[in-house]
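First the structure, in the form of structure tokens, and then the observations on it.
The values are calculated or read from the model by the stated rules, or taken from the named source; none is laboratory data. Owing to the predicted nature of the structure, the values given are computational and were not obtained by experimental measurement. Note that we place each Cβ from the backbone using ideal geometry, even for glycine, and neighbour counts take in every protein chain shown. With ligands, DNA and RNA removed, areas are computed over all heavy atoms of the protein, side chains included. Shrake-Rupley method; radii C 1.70, N 1.55, O 1.52, S 1.80 Å.
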Amino acid sequence: MKQQRWRIVFLRNWPEGLSVVLTGLFMLQYVLWMQKEEGVWLPETVAIVKLVLLFTVLTEIWDRLPWLLRRFLQVVFLFSATGYITGYTPVWRQQEKLQDTVLLIQENFTQLEPFIWFALSAWLITLFAITVMKTKKLAIGALVLTVIALAVRDSFGSLDLRGEVAVIIFCGLLLIILCHFAEMKKSNPDGWPVISRYAPFITLPAAVLLMLVVFFGMQAPNVRPVLTDPYTLWNNLQGNRSFLSGSGNNSIFALGGGAMSGYGRDDSSLGGQLTLNQTPVMSVISPRRSYWRGETRSQYTGEGWAISEVEREAALSSVSVKLPLAQDPELAYPRLKTVEVTQTVTMAELGKEYPVLFGAYAIDKVRSIVTDGAGNNFAPLQWSPRLSELRWTKDNQRIYPISYTLTSKVPVVEEEELRKLPAVLTSTAGLDEYLILPESLPSRVRELALQVTAPGLNMYDKVKRLEQYLANTYPYTTTPDLSKGQSKDFVDRFLFEMKEGYCDYFSTAMAVMLRSIGVPSRWVKGFAPGEATADGEYLVRNSDAHSWVEVYFPGYGWLPFEPTSGFSLPANGMEAGSAAEQLPEATPSPEVSSEPEPIATAEPVAAVPFSESRLGFIGWGAGAFVAVIFLGLGFVWMFRRRIGFLQRIWPTDGQRSTSRRALLEVERFLRDARRRGYSRKEHETVREALQRWSGAAANDIEALLLLFEKAKYSDLPVTEEELEELTSKVQEIRNRWKNGDGKKNS
């Protein structure tokens, strides 16, 4: 008896309860979506909405509670939950006049704003969704539109919404199954008790099977796509970048083939996949192969590199022809030995602007500039000693140089001299910005850096050990598996989850790891040497865009290091055991090959990321579109009783039930006729059989047939009056048969 009582309470209408639970899970995915959107909902808002959603679902499951009591409990709970989360403190004042009462209400209510509006909205939307998802057409529409919205936001933004999409599909499909069962119950109320006994045994295996498919599908190894999506394919054919990256749930995504390689202007969000762009950028005539240095960055944000305040406010000086450029007085390097290298750069993409002039590190003089047919226009040039950048400013009359000639003092370093430096800097004066790291950097990054560099007895050996560790441990690829990355931090994601990447991954990881152990470092971007096309001439393409690391050594200044797997600095970049006088400018090094480096020509740097504001616009636009469609369908569903043509194409449940009841009444009449000996032949329609049986009841039979055919074949629903008429006609025919007035033609 006790077991039967429990069955009555909880299983009295189990499909309705399951539908409510699935709808709650469905709506929860929207909350999780908003939770991942940065700056959209506060943590308090998310907590309140989740609590209201949970309580509403629980009370709706218990349908034995009176409707009014459920609503009262839900309203009380949403106010209580909002007050608890927001730390509400009741306010009381003496009530002497109406104004005191108004002030009392305001003082209490304003403590709950604006969170109470989110709670009320969540409550009403949940109730609306529970009602809507009981209709198959609306459930299918909600499922399709929601999946489209989440897929668009996932694909065109930085959020990882794959889990939410999987749950949405799971809940939506089960809701459609439940709607189908509900329709079966309405169409066959007499047989439903028998069907309902087996419905759980049908639904449960289907749900378990669906859950297993979804679970194992998400856990299966990732297989990279063979084909790219049409949007990315079109962009790539047009030569445009289709790269999208950002913060969000902190997985970086690219569309299909990802970004086109090239010199990036915005490095705030690194990562993604790259498609190589072989378009020529410039040709360089130089006696020595070199990395062509562009800009440097010092502020690591956890997602990429930003221009710091120090860099933005760095002192700039004018440039004069053939005069040495000023050096940073705070970071002098009297011990560094250098060799002069003169290079002439000719731009292949005329009219394209870059923020700097490119040259072998470190630029010492500007010999000549040609801009739009005019030579030696030095006015737009500015030199930053702090950053070693030769900046090009532009106005309406000045375009980027067609060609220019620079002289650089390339470092030539003796390793044994560097090994005499201590392992830890005795002073970091003037270097603070090159040691700063975000507080969110996971501790395991520093732990790995300490572990790798522990055997190094001096600063140089520690740096070299870290450089070699990255180059030898992680494989190089322009299409890393982005699905493996879940960490919020770009370096942590690369080192411990993705474990593969291209230059931006390697160089950023080395710079951050060095800072974590107290070694000043900065991130540098420019171009790899390019392809040697003739004696002393190199063709540099967009695919040669590259990034590397510079480390500060006391007395030696900033020295370059190359952590990217498969790459090595050109011989004049780090020459061990040599002196400057041993390397005359015009004498090529025997280690320098005239053949291009096989991997260096394929190295891209981070491309221009998609505007974050545009990402937000796309995401919110998709969400707004779904909301409008969803609300529009709900409006039509609610008012379809009052709109004539909608009654024909979308009848209400009451209208459906009258037509079904009319058909059921006729079916019962046919069964009763069969028991009385009125047989219906296999080839006969209902009309032919009834007309053959009609006899004295011909008029009643004809009226019955007309109503039957309307219920079965017409788009117009049977009205209650017509249903009553059909029932009365059936009863009259039965009475005639009982009285023997009917004519039996069997």
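Observations, loosely collected:
- Selection within segment 446-463 - surrounded by fewer than 18 Cβ atoms within 10 Å (Cβ to Cβ) and assigned to a helix (DSSP H, G or I): Arg446, Glu447, Leu450, Gln451, Asp461
- Any hit, segment 112-120, residues being assigned to a helix (DSSP H, G or I) and open to solvent by 50 Å² or more (accessible area, probe 1.4 Å): yes
- Of all positions in segment 51-73, at least one carries a residue that is basic (Lys, Arg) and free of Cβ contacts under 8 Å to residues at least 12 places away in the same chain.
- Checking each residue of segment 474-484 against the condition of being at pLDDT below 90 and basic (Lys, Arg) gives at least one match.
Residue-by-condition table, conditions (1) in contact with a helix residue (DSSP H, G or I) (Cβ under 8 Å, 6 or more places away or on another chain); (2) under 30 Å from Leu421 (Cβ atoms); (3) touching a residue at least 40 places away in the same chain (Cβ under 8 Å); (4) of a type in the set (A, V, I, L, M, F, W, C):
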site: Tyr469; (1), (2), (3), (4): yes, yes, no, no
site: Thr477; (1), (2), (3), (4): no, no, no, no
site: Pro480; (1), (2), (3), (4): yes, no, yes, no
site: Lys484; (1), (2), (3), (4): yes, no, yes, no
site: Tyr502; (1), (2), (3), (4): no, no, yes, no
site: Ala509; (1), (2), (3), (4): yes, yes, yes, yes
site: Met513; (1), (2), (3), (4): yes, yes, yes, yes
site: Gly518; (1), (2), (3), (4): no, yes, yes, no
site: Ser521; (1), (2), (3), (4): yes, yes, yes, no
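- Among residues of segment 131-142 being open to solvent by 10 Å² or more (accessible area, probe 1.4 Å), out of contact with any His (no Cβ under 8 Å at 6 or more places or on another chain) and part of a helix (DSSP H, G or I), the one that is farthest from Ile176 (Cα to Cα) is Thr131.
- In segment 29-48, the residues that are more than 10 Å from Phe115 (Cβ to Cβ) form Cβ pairs under 7 Å with partners that are at pLDDT 85 or above and of a type in the set (D, E, K, R), at six or more places apart or across chains, as follows: Gln29/Glu164; Val31/Lys50; Leu32/Glu164; Trp33/Glu164.
- Considering segment 254-287, and only residues there that are open to solvent by less than 20 Å² (accessible area, probe 1.4 Å) and of a type in the set (A, V, I, L, M, F, W, C), the residue that is modelled with the lowest pLDDT turns out to be Leu255.
Residue-by-condition table, conditions (1) open to solvent by 20 Å² or more (accessible area, probe 1.4 Å); (2) modelled with pLDDT under 85; (3) under 24 Å from Pro475 (Cα atoms):
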| position | (1), (2), (3) |
| --- | --- |
| Glu531 | yes, no, yes |
| Glu537 | yes, no, no |
| Ser543 | no, no, yes |
| Trp548 | no, no, yes |
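- Residues in segment 311-338 that are surrounded by fewer than 16 Cβ atoms within 10 Å (Cβ to Cβ), in contact with a Ser or Thr (Cβ under 8 Å, 6 or more places away or on another chain) and part of a helix (DSSP H, G or I): 0 in all.
- Residue under evaluation Gln99, criteria (1) open to solvent by less than 60 Å² (accessible area, probe 1.4 Å); (2) farther than 30 Å from Cys171 by Cα; (3) part of a helix (DSSP H, G or I), criterion not met: (1)
- Residue match in segment 408-422 (condition: of a type outside the set (Gly, Ala, Ser), touching a Leu at 6+ places or on another chain (Cβ under 7 Å) and modelled with pLDDT under 85): yes
- Exclusive hit being over 27 Å from Pro570 (Cα atoms), in contact with a Pro (Cβ under 8 Å, 6 or more places away or on another chain) and not acidic (Asp, Glu), set Ala306, Ala315: Ala315
- Matching residues, segment 42-64, being in a loop (DSSP other than H, G, I, E, B) and either under 16 Å from Thr126 (Cβ atoms) or modelled with pLDDT of 85 or more (or both): Trp62, Asp63
- Wholly enclosed strands (runs of 3 or more DSSP E) of segment 349-445 bearing at least 3 residues farther than 29 Å from Thr508 by Cα: 363-371, 403-412
- Filter result (over 22 Å from Glu724 (Cα atoms) and either loosely packed, with under 15 Cβ neighbours inside 10 Å or modelled with pLDDT of 75 or more (or both)) within segment 686-695: Glu688, Ala689, Arg692
- Residues (under 16 Å from Thr508 (Cα atoms) and surrounded by fewer than 20 Cβ atoms within 10 Å (Cβ to Cβ)) located in segment 473-486: Thr473, Pro475, Tyr476, Thr477
- Number of positions in segment 60-96 that are more than 30 Å from Gly24 (Cα to Cα) and either open to solvent by less than 50 Å² (accessible area, probe 1.4 Å) or among the aliphatic types (A, V, I, L, M) (or both): 1
- Put simply, of Leu704, Leu716 the only residue that is at pLDDT 75 or above, of a type outside the set (Gly, Ala, Ser) and open to solvent by 20 Å² or more (accessible area, probe 1.4 Å) is Leu716.
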